[in-house]
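A short write-up of the structure that comes next.
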Amino acid sequence: MSIGTFSTSAGIVSFAALLLLTLWHGRPNREGQVVVAACVLACLWCATLLGAQFGLMADFGVKGIPSLLETGETLAWIVFLELLLAPSMAQRFDPRLHVLAGFAALAAGAAVLLNDATYLGGSGVLATSQIIGRESLTIIGLLLIENLYRNTAAKGLWNVIPLCIGLGGFFTYRLFLYSDALLFGRISDVFAEVQPAIDALVVPFLALTLARNRDWHLHIHVSHRVALHALTLVASGIFLVCVVVVSTLLRDTGGWWQVVEIATLFGSLLVLATVLSSGSVKARLKYLVSRNFFALRYDYRDEWMRFIDRLSGRDEGQDLRQRVIEGVAEIVDSPAGALWLMSESGGAEAGFVPVAVWNTRLPADAVEPRNGAFARGFRGGNWIQEFHKGRAYPALGDCWLAVPLSAQGQMIGFITLVPSRARADLNWESFELLRALARQAASYIAEERLAKQLIDSRRLQDYAKRFAFVAHDIKNLAAQLRLVVVNAKRHGDDPSFRVDAFRTIEHSVTRLNDLLQQLRDNEVAEEFAVPAIDPVPVIRAIAQTRGSDGTPIQTALECGTARVRVDSERLGSVLTHLLDNAIEASPRGATISLTAYRRDGHLVIDIADEGEGMDVAFIHEQLFRPFRSTKSDGYGIGAYQTREWVRAAGGELEVISAPGVGTTMRIVLPLAKEGAVSTAA
C-alpha cells in the first residue's frame, strides 16, 4: 500500500466515524448539519483522491473534482465556525455587519468554487489562482479560530480548546501547504499525499468537542478589542495576498523584474509594519469598527476594567493624576491633556490650576476662575464641553474636550484634552462613558487628597503629643529653677550653693536642648537602636536625688545582672515622676518603698507610697486620661506620658491601689539579655 492510498483511506475512515458519531446523538441542529455536510464532503474528497490514484478521474474526464470537493469542505468548516460565533455577534454587532460579513464570505467562497469549476476538466494540478483562493480561505479560517479562542471565557475554554486545536491544525497545515506552493510555484507531491492523513488526526479533537458539547453550542463573548484585532489581521492578510499575487506576476515575466519583485515584497512588508504601528491609523480603525460594526460603540466592561487598572497601577512609576489624564484620553484617542484642580488656598478668589500635564504645555501661572464663564459651562459638573477649533479659551491651550471631575456632588476640577488623532464624532455614548469614568477618577483624586490631609493631621497630632510631653518636663524644670531663685535670696553668698545652682542650671539647659530635639524628631527610634543598659545605677541616682529632700526612700534592688533595652534619660524621667507623685501622695515623714527584682524574664520596679490610695473607677477612667489633673498647677499629662514611655520600651505600667491602703506603681520591662554587671544593693 502506497503512502497516498494509506492517507486517503485514513481520511475516509476517520470522517465517516465522525459522521456516524454526529448522527448517533439524534437529529442534528443547525451547527450539527454543517458538520455532517463537512464530513460528507471530506469523505467524498478522500474517495476521489483514492480514485485518482487508480486513474478513475481521468477516465471520466473530471480531474478537477477533488479540488472542488476540498474547497467545499473548507467552506463548510468556515460556515461552522461562523455559526458558532453568530449568537454573540448578533447581540453586539450592528445588523449591517451581518449582511456585509455574509456577503463577503459568500462572495469569497463562490469565487473560489467558480474558479475551481473552470479547471474541472483540466490536468488536476492547481493553478496559481486556485492556490491564492485556498490561501485566502485558510486565513479566514485561522482568524475565526482565533476569535473563537479569544472570546471564550476562561471557564468555557475546557469545551472550546479541543475544537480550536483540531480545526486550528486543519487550517494551519493548509496554510503551510499553499504558502509552500506559492513560494515554489507548485504543490509539493509529498505534502499533498499526507494531507488526508493530517486531516484524519483532527477528527479525535472534533469528536472530543462533540462529547463535551452535544449540541455544538458554545458561549462566546465577542469584544470590540478582538474585533479590531481581527479586522487588522484580515486587512494584513489581504494586503499580503495582493503582494504575493503581484510578486508572482512579476516573477513570471523573468529577467530584471526579479529585482523588482524582491524589492516590492520587502518594501511592502516595511509599509505594512509602518502602517500597523501608527497611532493615528489604529485610532481610525477603532473609530471605523465602533461606529459601523457594533450596535454599541463601546465595550463598557473592557473600558471600565482597563480604566480601573490604569488608575490603580503602580508599576508605571507615574503619578495618579497623570494616569487619570491618560485613562480618560484613551477613550477618545486624544494624545495629550491636562488635569486642573481647585486651588487648595481657598477663598472667594480661588480658581482651578493645572496640577498635571501629559504631552502638552501650559503657562506656569495658568489659572481658570472658579466662577468664570468656562467653569459655568460645566453646569455644576454635569456637562462635558466640546470645543471646535478656534472656540476654546486661550488659557486652556489647544483644548478640544473639557471633562468635569465631580465628587460628592461638588466639582473638584476638570480634564482638558487636545483633538483626537483621528476624526471622532462623539455621541451620547461617548459623553456618558466619559462622565462615568470622570466620576470614578474624581473619587480617586478626592481620596488621595483626604489621605494626604489625614497624614498631615496625624503628623500634627504626633507633634502635639510630643509637645505635651515636653511641656510636662518643662514644668518640672521650671520648678527646679524656681527653687534656685528662691534659695538664692538666702544662700546667695554661700560658695557651695552657687556651685549647686550652676550645676542645676547647666542640667536644666541640657535638658531643655534635649526636649527641643524631641520636638524636631519625626521618627521614633527603632527598638534595636536603643542599647541595653544596667538599670541599677539609674535607679540609685534617682532615689538618692529624691531622698536628699528629706523624704526617706527605702531601696531594695534584687535584680542581679538584669539589663533592659531602654533610654536611660527616659527611665530616669519615669522614676522621677512616679517618686514625686508618691512623695506628694504620702503624709509627711512616711517612707517610700522602691524595689527592683526579676520575674518571668522581666524587670519589675515597684514604687509604693502610704497615701490615701485610689479606687478602681478612678484608675480605669481618670488616671491615664490626658489633660485631666487633680492638681491646681498640673497639666494632666504626667501619668499618661509615663505609661506611653513604658509601653514604647515594650513594657507596661500597672497600678495596684485601693482606698486607705496606699498605691503601688509597678513598671514591668522585658529583659534584653544577661550581663555580668554587679548590682549589689
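What follows is calculated from the coordinates using simple rules that are stated; it is not laboratory data. Note that the structure is predicted; figures quoted are calculated from it, not measured. Here Cβ is always computed from backbone atoms with ideal geometry, including for glycine, and neighbour counts include all displayed protein chains.
Structural remarks
- Modelled spin labels at Asp580 and Leu481, positioned 7 Å past Cα toward Cβ, are 1.4 nm from each other.
- For Ala356, distant residues with modelled amide H under 5 Å away: Leu339
- Exposure proxy order (Cβ contacts within 10 Å, fewest to most) of Ser496, Ser573, Ser188, Ser593: Ser496, Ser188, Ser593, Ser573
- Spin-label model distance (nm) - Arg376 vs Arg503, 7 Å beyond Cα toward Cβ: 7.9
- At 1.567 mPa s and 4 °C, Stokes D of the range 528-670 from Kirkwood alpha-carbon radius, µm² per second: 84
- Close amide-amide hydrogen proximity is noted between Gln385 and Ala402, each under 5 Å apart and 5 or more residues distant or on a separate chain (H modeled in the peptide plane; Pro and chain starts excluded).
- Residue-span extension gain [Trp304 to Phe191] - 0.36 nm each, minus C-alpha spacing: 35.8 nm
- FRET efficiency, Ala364 to Ala127 (Cβ-Cβ, R0 60 Å, nearest 0.05): 0.30
- Whole-Hz couplings from phi, Karplus 6.51/-1.76/1.60, listed for the range 570-576; x for Gly and Pro: 5, 4, x, 5, 4, 5, 4
- For the peptides 133-145, 432-444, the ranking by mean Cβ contacts within 10 Å, running from highest to lowest, is 133-145, 432-444.
- Computing FRET efficiency as 1/(1 + (r/R0)^6) for Thr591 and Arg458, where r is the C-beta to C-beta distance and R0 is 60 Å, gives about 0.85.
- Exposure proxy ranking, count of Cβ atoms within 10 Å, fewest first, for Leu68, Leu21: Leu21, Leu68
- Once the Cα-Cα distance is subtracted from the 0.36 nm per residue extended length, the Arg599 to Glu569 segment shows a gain of 8.4 nm.
- Maximal additional length on extending the Phe6-Leu516 stretch stands at 173.9 nm, based on 0.36 nm per residue less the C-alpha distance.
- For Leu603, the amide hydrogen comes within under 5 Å of the amide hydrogens of Leu669, Leu671, counting only partners 5 or more places away or on other chains and with H modelled in the peptide plane.
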